[in-house]
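Throughout, read-outs are computed from the coordinates displayed, never taken from laboratory work. Treat the numbers as computed from the prediction; the structure is a model and nothing was measured. Here Cβ is always computed from backbone atoms with ideal geometry, including for glycine, and neighbour counts include all displayed protein chains.
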Amino acid sequence: MKLKMMALALGLMLGLVWAGCALADTAQSQIVGIVQKVKGQTLVKRSGRSMAADPGLKLKQGDTIITGEASSMGVLFRDDSMLSIGPVSEIVIDQFIFAPTENRLGMVTRMLKGTAAFLTGRIAEKAPGKVKVETPLATIGVRGTHFLVYVDPESGKAKAAEGGK
C-alpha cells in the first residue's frame, strides 16, 4: 500500500512538472507573425537552429530574422504590423504581446544591423508607447505609423526616419 501511494505521488509530481513546462513553452511558442515574401537568401534562427525563411513560415517570439546580400523579406505580424527587411539585416523578435481584450500589448524588436521599414499595426494604434525598436546603441520609441531604420553593421549607430502618422 505504501509503495502504491509513493508511486501515485511521484506520478502526480511528474504530471505537475510536465504541465508547468508545457505552460511555459506555450507563451514562448505562440505564433507572432508569418513570412509573406522573400527574395534571395533569408533564414530564421530559432532555439539555436537555422531554417529557410520561406513564405508561410510562422514566426515566434525569440526568432532571429536574417537576410543575405541582395536579399529581402516581408513579415506580417498578428496585429497587422508589417516589417520589410532589406539586405544584410538581422532582427530579433524579443517581445510580442497581442491580447487586446486583456489590455496586454507590446512589441519589441532588436535590430542588430541592416535596414528595415515598419508599418505599425494595432499595438501601436492602441498603445504607442509599447512598441520599440532596440539597436546596439539606442532604443527607438515608435510614435508614427511608418518609419525606416538603418543600423550600421560596423559601428552599431542607427538612423531612423518617420514616413507618416
Restricting the search to the stretch 53-102, which residues are in a helix (DSSP H, G or I) and either touching a residue at least 60 places away in the same chain (Cβ under 8 Å) or of a type in the set (S, T, N, Q) (or both)?
-> T101
Only one of (1) crowded, with 17+ Cβ neighbours inside 10 Å; (2) under 18 Å from the mean Cα position of the chain (by Cα) does not apply to S71, and that is (2)
Kindly list, by first and then second residue, each pair from a residue in the stretch 136-165 that is at positive phi to a residue that is among the hydroxyl-bearing types (S, T, Y), limited to pairs with Cβ atoms under 9 Å and residues at least 6 apart or on different chains.
-> G156/T135; G164/T145
Unmet criterion (only one of (1) surrounded by fewer than 17 Cβ atoms within 10 Å (Cβ to Cβ); (2) closer than 23 Å to V131 by Cβ; (3) not hydrophobic (A, V, I, L, M, F, W, C)) for S81 | (1)
Which is among the acidic types (D, E) and either over 25 Å from D54 (Cα atoms) or in contact with a helix residue (DSSP H, G or I) (Cβ under 9 Å, 6 or more places away or on another chain) (or both), of E69, E154?
-> E154
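Which fully enclosed strands (runs of 3 or more DSSP E) of the stretch 103-165 have 2 or more residues being surrounded by 15 or more Cβ atoms within 10 Å (Cβ to Cβ)?
104-119, 131-134, 146-151, 158-164
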Touching a residue at least 24 places away in the same chain (Cβ under 8 Å), over 16 Å from the mean Cα position of the chain (by Cα) and closer than 29 Å to A127 by Cα - does that describe any residue in the stretch 36-52?
-> yes
